[in-house]
1. Does the stretch 67-76 contain any residue that is under 27 Å from the mean Cα position of the chain (by Cα), under 15 Å from residue 89 (Cα atoms) and among the charged types (D, E, K, R)?
2. What number of residues within the stretch 182-202 are exposed (fewer than 15 other Cβ atoms within 10 Å of the Cβ) and in a helix (DSSP H, G or I)?
3. If you take the residues of the stretch 203-236 that are of a type in the set (Ser, Thr, Tyr) and over 19 Å from residue 138 (Cβ atoms), which of them is least open to solvent (accessible area, probe 1.4 Å)?
4. Being under 20 Å from residue 186 (Cα atoms), free of Cβ contacts under 8 Å to residues at least 24 places away in the same chain and assigned to a helix (DSSP H, G or I) is the filter here; which residues of the stretch 124-150 pass it?
5. Quick one: in the stretch 1-28, which of the residues that are of a type in the set (S, T, N, Q) and over 24 Å from the mean Cα position of the chain (by Cα) is modelled with the highest pLDDT?
6. How many residues, within the stretch 29-77, are modelled with pLDDT under 95, among the hydrophobic types (A, V, I, L, M, F, W, C) and open to solvent by 30 Å² or more (accessible area, probe 1.4 Å)?
Amino acid sequence: MTFKKIDAPSIKELFLSQIEEMILSGELKPNDRLPSERELADTMGISKTIVHEGIRELARIGFLDVVSRKGVFVADYASTGNIDTLFAIIRYRGGMPDKKMLVDLLDVRIYLECPSIELLARRQDPENIKKLETLQENVRSCFDSDIKDFASALFLYRKTLTSLSGNCITPLIMNAFFTGSISAWADYCEFTGRENTYHILAQTTEFIKAGDAWGAIRLFQECITKYKNHLLRDMS
(Lines give C-alpha, C1' and ligand atoms only; values in the text may rest on other atoms or scores of the structure.)
Protein backbone atom coordinates (compact mmCIF):
# COMPACT_ATOMS: atom_id res chain seq x y z
CA MET A 1 0.00 0.00 0.00
CA THR A 2 1.49 3.33 -1.09
CA PHE A 3 0.38 6.71 0.16
CA LYS A 4 1.14 9.78 -1.90
CA LYS A 5 2.76 12.87 -0.53
CA ILE A 6 0.34 15.65 0.40
CA ASP A 7 1.38 18.89 -1.28
CA ALA A 8 0.40 22.39 -0.24
CA PRO A 9 -1.38 24.54 -2.86
CA SER A 10 1.00 25.91 -5.46
CA ILE A 11 1.62 29.64 -5.86
CA LYS A 12 -0.35 29.51 -9.10
CA GLU A 13 -3.33 27.86 -7.35
CA LEU A 14 -3.23 30.55 -4.66
CA PHE A 15 -3.15 33.24 -7.35
CA LEU A 16 -6.14 31.69 -9.13
CA SER A 17 -8.03 31.37 -5.87
CA GLN A 18 -7.46 35.01 -4.91
CA ILE A 19 -8.55 36.42 -8.28
CA GLU A 20 -11.58 34.12 -8.42
CA GLU A 21 -12.62 35.22 -4.92
CA MET A 22 -12.22 38.90 -5.79
CA ILE A 23 -14.42 38.42 -8.86
CA LEU A 24 -17.09 36.29 -7.18
CA SER A 25 -17.28 38.59 -4.16
CA GLY A 26 -17.84 41.60 -6.42
CA GLU A 27 -14.60 43.31 -5.47
CA LEU A 28 -13.66 42.99 -9.13
CA LYS A 29 -16.61 43.68 -11.41
CA PRO A 30 -17.26 42.87 -15.10
CA ASN A 31 -15.29 45.18 -17.42
CA ASP A 32 -12.85 46.18 -14.64
CA ARG A 33 -9.33 46.34 -16.09
CA LEU A 34 -6.64 44.44 -14.19
CA PRO A 35 -3.19 45.94 -13.60
CA SER A 36 -0.46 44.78 -15.95
CA GLU A 37 1.15 41.39 -15.39
CA ARG A 38 4.30 43.10 -14.08
CA GLU A 39 2.27 45.24 -11.66
CA LEU A 40 0.37 42.20 -10.39
CA ALA A 41 3.58 40.22 -9.96
CA ASP A 42 5.26 43.02 -8.01
CA THR A 43 2.21 43.73 -5.85
CA MET A 44 1.56 40.07 -5.01
CA GLY A 45 5.22 39.11 -4.65
CA ILE A 46 5.16 36.35 -7.25
CA SER A 47 6.79 35.78 -10.62
CA LYS A 48 5.44 37.31 -13.82
CA THR A 49 5.37 33.81 -15.32
CA ILE A 50 2.89 32.64 -12.68
CA VAL A 51 0.72 35.70 -13.26
CA HIS A 52 0.82 35.14 -17.02
CA GLU A 53 -0.14 31.46 -16.71
CA GLY A 54 -2.80 32.24 -14.12
CA ILE A 55 -4.43 34.89 -16.30
CA ARG A 56 -4.57 32.46 -19.23
CA GLU A 57 -6.19 29.84 -16.98
CA LEU A 58 -8.76 32.34 -15.65
CA ALA A 59 -9.53 33.36 -19.23
CA ARG A 60 -10.10 29.70 -20.13
CA ILE A 61 -12.45 29.29 -17.19
CA GLY A 62 -14.39 32.37 -18.27
CA PHE A 63 -13.50 34.86 -15.53
CA LEU A 64 -11.19 37.11 -17.60
CA ASP A 65 -11.02 38.54 -21.10
CA VAL A 66 -7.56 39.05 -22.59
CA VAL A 67 -7.82 41.78 -25.21
CA SER A 68 -4.79 42.20 -27.45
CA ARG A 69 -2.99 45.55 -26.94
CA LYS A 70 -5.65 46.72 -24.49
CA GLY A 71 -5.18 44.58 -21.41
CA VAL A 72 -6.97 42.07 -19.23
CA PHE A 73 -10.57 42.70 -18.18
CA VAL A 74 -13.00 40.96 -15.83
CA ALA A 75 -15.46 39.02 -17.98
CA ASP A 76 -19.20 38.77 -17.59
CA TYR A 77 -18.73 35.18 -16.46
CA ALA A 78 -22.49 34.49 -16.32
CA SER A 79 -22.52 34.62 -20.12
CA THR A 80 -18.91 33.76 -21.03
CA GLY A 81 -18.27 31.02 -18.48
CA ASN A 82 -18.36 27.24 -18.79
CA ILE A 83 -18.70 24.20 -16.54
CA ASP A 84 -15.43 25.07 -14.76
CA THR A 85 -16.84 28.51 -13.98
CA LEU A 86 -19.88 26.92 -12.40
CA PHE A 87 -17.77 24.60 -10.26
CA ALA A 88 -15.66 27.57 -9.14
CA ILE A 89 -18.82 29.38 -8.06
CA ILE A 90 -20.00 26.33 -6.11
CA ARG A 91 -16.56 25.99 -4.43
CA TYR A 92 -16.70 29.67 -3.47
CA ARG A 93 -20.06 29.07 -1.81
CA GLY A 94 -18.71 26.23 0.30
CA GLY A 95 -19.61 23.36 -2.03
CA MET A 96 -23.34 24.11 -2.05
CA PRO A 97 -25.22 26.06 -4.74
CA ASP A 98 -27.34 28.93 -3.43
CA LYS A 99 -31.12 28.73 -3.80
CA LYS A 100 -31.22 30.82 -6.97
CA MET A 101 -28.72 28.45 -8.58
CA LEU A 102 -30.69 25.43 -7.33
CA VAL A 103 -33.83 26.80 -8.97
CA ASP A 104 -31.92 27.19 -12.23
CA LEU A 105 -30.47 23.66 -11.90
CA LEU A 106 -34.01 22.30 -11.50
CA ASP A 107 -34.89 23.90 -14.83
CA VAL A 108 -31.85 22.21 -16.35
CA ARG A 109 -33.06 18.87 -15.02
CA ILE A 110 -36.30 19.33 -16.96
CA TYR A 111 -34.31 19.78 -20.16
CA LEU A 112 -32.09 16.79 -19.38
CA GLU A 113 -34.52 14.19 -18.06
CA CYS A 114 -37.73 14.69 -20.04
CA PRO A 115 -36.24 13.52 -23.38
CA SER A 116 -34.85 10.44 -21.60
CA ILE A 117 -38.26 9.64 -20.11
CA GLU A 118 -39.86 9.96 -23.55
CA LEU A 119 -37.32 7.60 -25.13
CA LEU A 120 -37.69 4.94 -22.43
CA ALA A 121 -41.49 5.07 -22.61
CA ARG A 122 -41.35 4.72 -26.38
CA ARG A 123 -39.08 1.66 -26.20
CA GLN A 124 -40.74 -0.11 -23.24
CA ASP A 125 -37.66 -2.32 -22.96
CA PRO A 126 -38.30 -5.03 -20.30
CA GLU A 127 -34.64 -5.06 -19.20
CA ASN A 128 -34.60 -1.29 -18.68
CA ILE A 129 -37.85 -1.42 -16.75
CA LYS A 130 -36.48 -4.21 -14.56
CA LYS A 131 -33.43 -2.07 -13.75
CA LEU A 132 -35.66 0.87 -12.79
CA GLU A 133 -37.81 -1.40 -10.60
CA THR A 134 -34.68 -2.66 -8.82
CA LEU A 135 -33.44 0.89 -8.17
CA GLN A 136 -36.92 1.90 -7.09
CA GLU A 137 -36.87 -0.85 -4.47
CA ASN A 138 -33.41 0.28 -3.37
CA VAL A 139 -35.02 3.61 -2.53
CA ARG A 140 -37.64 1.81 -0.45
CA SER A 141 -34.90 -0.11 1.40
CA CYS A 142 -33.39 3.22 2.49
CA PHE A 143 -36.51 4.39 4.33
CA ASP A 144 -34.76 4.00 7.69
CA SER A 145 -31.34 5.18 6.52
CA ASP A 146 -29.71 8.57 6.82
CA ILE A 147 -31.48 11.13 4.62
CA LYS A 148 -28.39 11.54 2.44
CA ASP A 149 -28.28 7.79 1.81
CA PHE A 150 -31.94 7.93 0.84
CA ALA A 151 -31.23 10.92 -1.43
CA SER A 152 -28.31 9.06 -3.02
CA ALA A 153 -30.61 6.13 -3.84
CA LEU A 154 -33.09 8.56 -5.41
CA PHE A 155 -30.30 10.17 -7.44
CA LEU A 156 -29.16 6.77 -8.71
CA TYR A 157 -32.68 6.02 -10.02
CA ARG A 158 -32.92 9.41 -11.78
CA LYS A 159 -29.40 9.17 -13.24
CA THR A 160 -29.94 5.60 -14.45
CA LEU A 161 -33.16 6.71 -16.10
CA THR A 162 -31.12 9.11 -18.25
CA SER A 163 -28.30 6.64 -18.96
CA LEU A 164 -30.73 3.92 -20.07
CA SER A 165 -31.98 6.29 -22.76
CA GLY A 166 -28.58 5.91 -24.45
CA ASN A 167 -27.50 9.53 -23.93
CA CYS A 168 -23.89 9.41 -22.73
CA ILE A 169 -23.63 13.12 -21.83
CA THR A 170 -26.61 13.63 -19.51
CA PRO A 171 -25.44 11.14 -16.82
CA LEU A 172 -22.01 12.81 -16.78
CA ILE A 173 -23.62 16.21 -16.24
CA MET A 174 -25.76 14.84 -13.41
CA ASN A 175 -22.73 13.17 -11.80
CA ALA A 176 -20.77 16.41 -12.05
CA PHE A 177 -23.34 18.29 -9.99
CA PHE A 178 -24.29 15.58 -7.50
CA THR A 179 -21.49 16.05 -4.96
CA GLY A 180 -22.15 19.78 -4.78
CA SER A 181 -25.91 19.34 -4.56
CA ILE A 182 -26.38 16.27 -2.31
CA SER A 183 -27.75 18.55 0.41
CA ALA A 184 -30.34 19.84 -2.06
CA TRP A 185 -31.36 16.28 -3.00
CA ALA A 186 -31.71 15.52 0.72
CA ASP A 187 -33.77 18.69 1.22
CA TYR A 188 -36.03 17.62 -1.65
CA CYS A 189 -36.56 14.20 -0.03
CA GLU A 190 -37.44 15.80 3.30
CA PHE A 191 -39.79 18.25 1.61
CA THR A 192 -41.50 15.55 -0.46
CA GLY A 193 -41.40 12.81 2.19
CA ARG A 194 -39.83 9.39 1.83
CA GLU A 195 -43.07 7.50 1.20
CA ASN A 196 -44.22 10.01 -1.38
CA THR A 197 -40.80 10.05 -3.06
CA TYR A 198 -40.94 6.27 -3.43
CA HIS A 199 -44.54 6.46 -4.69
CA ILE A 200 -43.48 8.97 -7.37
CA LEU A 201 -40.73 6.63 -8.58
CA ALA A 202 -43.15 3.68 -8.65
CA GLN A 203 -45.58 5.76 -10.71
CA THR A 204 -42.78 6.83 -13.04
CA THR A 205 -41.77 3.22 -13.65
CA GLU A 206 -45.38 2.23 -14.32
CA PHE A 207 -45.87 5.09 -16.78
CA ILE A 208 -42.73 4.04 -18.67
CA LYS A 209 -43.81 0.39 -18.64
CA ALA A 210 -47.17 1.42 -20.11
CA GLY A 211 -45.54 3.61 -22.76
CA ASP A 212 -47.16 6.71 -21.26
CA ALA A 213 -44.35 9.25 -21.74
CA TRP A 214 -46.60 12.24 -21.14
CA GLY A 215 -47.83 10.81 -17.81
CA ALA A 216 -44.25 10.28 -16.58
CA ILE A 217 -43.11 13.69 -17.82
CA ARG A 218 -46.10 15.48 -16.29
CA LEU A 219 -45.46 13.77 -12.95
CA PHE A 220 -41.78 14.77 -13.04
CA GLN A 221 -42.57 18.36 -13.98
CA GLU A 222 -45.15 18.62 -11.19
CA CYS A 223 -42.58 17.43 -8.63
CA ILE A 224 -39.96 19.89 -9.87
CA THR A 225 -42.48 22.75 -9.87
CA LYS A 226 -43.56 22.05 -6.29
CA TYR A 227 -39.98 21.99 -5.05
CA LYS A 228 -39.10 25.13 -7.03
CA ASN A 229 -42.04 26.96 -5.44
CA HIS A 230 -40.81 25.79 -2.03
CA LEU A 231 -37.37 27.27 -2.73
CA LEU A 232 -38.80 30.48 -4.16
CA ARG A 233 -40.95 31.01 -1.05
CA ASP A 234 -37.83 30.72 1.11
CA MET A 235 -36.06 33.26 -1.13
CA SER A 236 -38.85 35.85 -0.89
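1. There is at least one residue in the stretch 67-76 that is under 27 Å from the mean Cα position of the chain (by Cα), under 15 Å from residue 89 (Cα atoms) and among the charged types (D, E, K, R).
2. Count: 5.
3. 227
4. 137, 138, 141, 149
5. 10
6. 6
The rows are residues; the columns are (1) at positive phi; (2) aliphatic (A, V, I, L, M); (3) over 13 Å from the mean Cα position of the chain (by Cα).
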position: 87; (1), (2), (3): no, no, no
position: 98; (1), (2), (3): no, no, no
position: 103; (1), (2), (3): no, yes, no
position: 107; (1), (2), (3): no, no, no
position: 110; (1), (2), (3): no, yes, yes
position: 114; (1), (2), (3): no, no, yes
position: 117; (1), (2), (3): no, yes, yes
position: 123; (1), (2), (3): no, no, yes
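The values are calculated or read from the model by the stated rules, or taken from the named source; none is laboratory data. Everything numeric in this text was worked out from a predicted model, so none of it was measured. We place every Cβ from the backbone using ideal geometry, glycine too, and count neighbours over all the protein chains shown. Ligands, DNA and RNA are excluded from the accessible area calculation, which covers all protein heavy atoms including side chains. Shrake-Rupley method; radii C 1.70, N 1.55, O 1.52, S 1.80 Å.
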